[in-house]
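Written below as structure tokens is the structure these notes are about.
The values are calculated or read from the model by the stated rules, or taken from the named source; none is laboratory data. Predicted model only: the values in this text are computed from it and were never measured. Neighbour counts are summed over all protein chains in view; Cβ atoms, including those assigned to glycine, are modelled from backbone coordinates with ideal geometry. These accessible areas exclude ligands, DNA and RNA; they are computed on the full protein's heavy atoms, side chains included. Shrake-Rupley method; radii C 1.70, N 1.55, O 1.52, S 1.80 Å.
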Amino acid sequence: MSTPPSPTSSGGPSSPRRLPDNHFLSIPRPTFLAPRPPTHAPDVSTLAGADYDVDVRTGFMPPSPPLMHLPEEYAPWQKVLDDAVRSELRVGDKRDTTGADIDKAERWRAHVRELAIISIDHLQRNILLLRRAHQVLASIMHFYVHSVPPPSDPSTPLRVPAPIAIPLVAVSHELGVTPILTYADTVLWNWDVIDPSRPVDVDNVRCLTLFTGTESEEHFYTVSAQLELRGVEALSIMRSSLDEAFVGDSLAVRRISAYLSRLALVIDDVATVMMRMFDGCDPHVFYTEVRPWFRGSAGSGRKWIYEGVSSVEAATSEDLSGPSAGQSTLVHALDVFLGVDHTSHSHSASTPTTSLTRAPTFLQQMEKYMPGPHQAFVHNLSSSAHQIRPLVLAQPAGSELTLAYDRAVLALKRFRDSHIRIVTVYIVSQRARAEREAREEREKAGEVVKRRAVGEQADIRGTGGTQLVPFLKETRAATLRTVVGKKT
């Protein structure tokens, strides 16, 4: 049995709509059950990208390396970003940031405020330029906000100067994404091939634009990109499975069973790729040097004011999260395809749901940080008339299809186990270390430091503003609740 073609693609408009008849999720494709593709099978390698910016080779990543430079008209943006990186600006609220560090940051920030406000008119017809502009402008904004200590009064907002705020909001509108640094900026639009003579694949990509210039930061982004590329095959399996669900006969059930068994292996592979994080990303460097740059305004209690933008745009930009794994469309697509319900703790197995059928969950709120086409992809996947879970629930207990479905769901649960392991090492343990070091430093200075009571948990927030550990555990529990047979 050969494996399905390894597709990958990107998105379309941000508002939900019906899948076009020629979309790659609607068009029959050769399957890994067939020894050779039928001669009448259409080539959808370009149709997929045209519909939802999902490429059949690279998935939600662009099929070619993103642009690393903007036209000369926009060179001032690139220059101030390059200056920030070259100056090795430090996070302003770190304990070891010096007065000299802050003075250096203030001089750089003054240059940002002095920039001219540049129109994005010459970017609007080029999606590649828009992506690069968003990445550059959002990175400048995060450098600007985080390179000096925040005001002592927590009610004082942080102000993003108009030369950055106005074009960033305009570019974000064109892309259908939020005006803040996103997963797309740090991963999807931030890579190059190592060897141009070879195709884009898991072992031939590296990420580029960095805040710190550290190997740990580059490795963090690169592993995320590798994860996306390994997940491309999952998109192919989803498409083929939905094709068969449309038919719904006994042969279709057998084929879907084989697809779901294969999907379980692919998800396990994605989890294995994710665990490469330990190979090159130092937990202490990540927590203390890299992660602080990601912070958005969400959960901080402090608004960010985008100067020079309309009141409507300003209202939608006040409380935004920084880049997060929760913004990966691949993971959302797996949840929707398998019918994982993150909205309820007690839904009935006889009432199949998708993760988009009730009040918005945190994961659904993360969708607005995805490029607009990818948002549409998720919505249209969820609104397919031929879902997999209802078909599974209609089968007898212990059937080939229910067993294969549960294998795929349990693989997704194992993926979330792995994610929790990474979060524990890179965030939870590092937070405990930082608290211990700060407490010891204060005690040495003669202060009386109050310690947390036994069993009291630290309020550790993700870059999305959630209580991180409870959120991840509940997400895993929701995945386990999706199993229709024995929950092992």
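For this structure, a couple of remarks:
- Out of His374, His386, one residue alone is modelled with pLDDT of 85 or more and surrounded by fewer than 21 Cβ atoms within 10 Å (Cβ to Cβ). It is His386.
- The listed residue being modelled with pLDDT of 50 or more, within 29 Å of the chain's Cα centre (by Cα) and acidic (Asp, Glu), out of Asp101, Asp51: Asp51
- One residue from Tyr74, Tyr144 being in a helix (DSSP H, G or I) and closer than 29 Å to Ala438 by Cα: Tyr144
- Only one entry in Ser297, Ser236 is of a type in the set (S, T, N, Q), surrounded by 20 or more Cβ atoms within 10 Å (Cβ to Cβ), on the phi < 0 side of the Ramachandran plot and not in a helix (DSSP H, G or I), namely Ser297.
- Filter pass, Ser321 being assigned to a loop (DSSP other than H, G, I, E, B) and open to solvent by less than 30 Å² (accessible area, probe 1.4 Å): yes
- The range 437-473 - residue that is of a type in the set (D, E, K, R) and under 31 Å from the mean Cα position of the chain (by Cα) and, of those, modelled with the lowest pLDDT: Glu456
- Scan of the range 55-104 for residues that are hydrophobic (A, V, I, L, M, F, W, C), in contact (Cβ under 8 Å) with a residue 24 or more places away in the chain and within 21 Å of Ile164 (Cβ to Cβ), ordered by number: Leu67, Met68, Leu70, Trp77, Val80, Leu81, Ala84, Val85, Leu89, Val91, Ile102
- Hits in the range 274-283 - residues which are assigned to a helix (DSSP H, G or I) and surrounded by fewer than 20 Cβ atoms within 10 Å (Cβ to Cβ): Phe278, Asp279, Gly280, Pro283
- Residue match in the range 326-341 (condition: closer than 30 Å to Ile164 by Cβ, open to solvent by less than 40 Å² (accessible area, probe 1.4 Å), modelled with pLDDT under 95 and touching a strand residue (DSSP E or B) at 6+ places or on another chain (Cβ under 6 Å)): no
- Odd one out for Asp83, checked against (1) surrounded by fewer than 18 Cβ atoms within 10 Å (Cβ to Cβ); (2) modelled with pLDDT of 95 or more; (3) within 30 Å of Leu229 (Cβ to Cβ): (3)
- Residues within the range 389-442 that are open to solvent by less than 60 Å² (accessible area, probe 1.4 Å), within 30 Å of Val253 (Cβ to Cβ) and part of a helix (DSSP H, G or I), tallied: 19
- Residues satisfying the stated conditions in the range 95-129, i.e. under 30 Å from Ala438 (Cβ atoms) and not in a helix (DSSP H, G or I): Arg95, Asp96, Thr97, Thr98
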